[in-house]
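S.K.: Take a look at the following structure, please.
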Amino acid sequence: NAGVTQTPKFRILKIGQSMTLQCTQDMNHNYMYWYRQDPGMGLKLIYYSVGAGITDKGEVPNGYNVSRSTTEDFPLRLELAAPSQTSVYFCASTPRGRSNEQFFGPGTRLTVL
Amino acid sequence: QQQVKQSPQSLIVQKGGISIINCAYENTAFDYFPWYQQFPGKGPALLIAIRPDVSEKKEGRFTISFNKSAKQFSLHIMDSQPGDSATYFCAASRGKSTFGDGTTLTVKP
């Protein structure tokens, strides 16, 4: 199993541009999450999903959108990128029945200039 | 409102010493308390976790101590090694997880 994979690893955006951060897991996990990690800070939950077709807002959802059309994929969409969205983004997943133990991807480092 | 407070922000320990990181939580509904280890450029990885029905859990050199009445839990790393140098995050969970701000541990040889 590859686990949780994220693409791209790095990206520089200009203010106002849009992009999609990709996240895929091959462990058949039901729960998936998107976090952002700012320097010296912990992980802040952006959106999460408990299964295909079901998504919900986390702590910091503004400026982001998600979809979950399959169990494997959970893309994060940034519309009208702003400098405040400069961060490292982590996708995570957990299996049903062990919904507390999270498996993280390697992260996407995004800079908005 | 920060539901999980972690301290210290950074910690320097000599090789062979004991590293201690503390966390405090507010919401008594949390039912799972994990610690994650993160190396530079990598995603966090689960290190050890505890549920509130036990006061201590040990896995190798890593021990979680849990004080339910004080709403506090801590990570102890015995015989700290340079390879333990990383950022450590505590979390508290009931379904979704709330993370502390992290502790950067440096173990000097």
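S.K.: Do you know which residues across region A:48-70 are basic (Lys, Arg) and more than 26 Å from A:PRO83 (Cα to Cα)?
M.R.: Within region A:48-70, A:ARG68 is the sole residue that qualifies.
S.K.: Okay, next question. Would you point out which residue out of A:SER18, A:SER67, A:SER87 is small (Gly, Ala, Ser), over 21 Å from B:PHE33 (Cα atoms) and surrounded by fewer than 16 Cβ atoms within 10 Å (Cβ to Cβ)?
M.R.: Of A:SER18, A:SER67, A:SER87, the one residue that is small (Gly, Ala, Ser), over 21 Å from B:PHE33 (Cα atoms) and surrounded by fewer than 16 Cβ atoms within 10 Å (Cβ to Cβ) is A:SER18.
S.K.: If I ask for residues that are under 16 Å from A:LEU78 (Cα atoms) and over 14 Å from the mean Cα position of the chain (by Cα), which ones from region A:24-40 would you list?
M.R.: None - no residue of region A:24-40 is under 16 Å from A:LEU78 (Cα atoms) and over 14 Å from the mean Cα position of the chain (by Cα), so the list stays empty.
S.K.: I would also like to ask the following. Filter region A:82-105 down to residues that are in a loop (DSSP other than H, G, I, E, B) and at pLDDT below 95 and give me whichever is nearest to the other protein chains (Cβ to nearest Cβ).
M.R.: A:ASN100
S.K.: Please go through region A:1-33 and give me each residue that is among the aliphatic types (A, V, I, L, M), over 18 Å from A:ASN65 (Cβ atoms) and outside any loop (DSSP other than H, G, I, E, B), ordered by number.
M.R.: A:VAL4, A:ILE12
S.K.: What tally of residues in region B:19-63 results from selecting those that are away from every other protein chain (no Cβ under 14 Å), of a type in the set (A, V, I, L, M) and surrounded by 12 or more Cβ atoms within 10 Å (Cβ to Cβ)?
M.R.: 1
The values are calculated or read from the model by the stated rules, or taken from the named source; none is laboratory data. As the structure is a prediction and not an experimental result, all values here were calculated from the model. For neighbour counting, all protein chains shown are included, and Cβ atoms are generated from backbone atoms with ideal geometry for every residue, glycine included.
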